[in-house]
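Written out below as structure tokens is the structure these notes cover.
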Amino acid sequence: MAKYRGAKCKICRREGSKLFLKGERCYSDKCSFEKKPYSPGAHGKDRKRITEYRIQLREKQKTKSMYGMLEKQFRLFYHRADMKKGATGENLLKMLECRLDNVVYSLGFATSRSEARQLVNHRHFAVNGVTTDIPSFVVRTGDVISIRDKSKSKKKFKEVIEEAGERLAIPSWLELDKKEMKGTVVRLPEREEIATEIKENLIVELYSK
């Protein structure tokens, strides 16, 4: 499976926004974005020409990086969102939020989306009792995401469960059961509940050209 292997901190600096791609590091004084809030490279501080295309492209790239997706997969999600009823941009964000790796992260089972993807790939989670190792799996209302019995005893999960809800507020469309180490999709998210600084209309404008 293809994935980005470069420095993640440079992505935040390039996009001019803190995307929380490095887990605990993003919440500490070691965060590169806090130290150098400008684009990486020798000309990072130079003023760049602002064009309509550049603004749209950077918004798309920022969203891709935030959810850990490459172009082919992101475009596929966009086309699926475009085929649904309603606003394409909102449909896209709702689908991205309902990806299994993002739900695992939102429930507090992982400190970053990249860590959540890795944990899902390593078969630590089950959806409705069925082990699922596909990070892009889109959950539905009523789905129960649980840590597999074999993984519950691991120190990693015990520690992260204790802190769940403290580092990142659990969305109202999800329900966490710390004792059973599982979460339930109460309903699908609304646009106002998606706490991201994404201007989805710019992404729609870019793909519509």
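Tabulated data for the structure shown
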item	result
Enumerated strands (runs of 3 or more DSSP E) restricted to region 126-199, each holding at least 3 residues that are buried (at least 16 other Cβ atoms within 10 Å of the Cβ)	144-147, 182-185
Flag for E71 being modelled with pLDDT under 90, loosely packed, with under 13 Cβ neighbours inside 10 Å and not assigned by TED's automatic domain parsing to the domain that holds P171	no
Residue count, region 83-104 (criterion: free of Cβ contacts under 8 Å to residues at least 24 places away in the same chain and part of a helix (DSSP H, G or I))	2
Qualifying residue in region 153-162 (condition: closer than 24 Å to T196 by Cα and at pLDDT below 95)	yes
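The values are calculated or read from the model by the stated rules, or taken from the named source; none is laboratory data. Quantities reported herein were computed from a predicted structural model and do not represent experimental measurements. Note: ideal-geometry Cβ built from the backbone for every residue, glycine included; neighbour counts use all protein chains shown.
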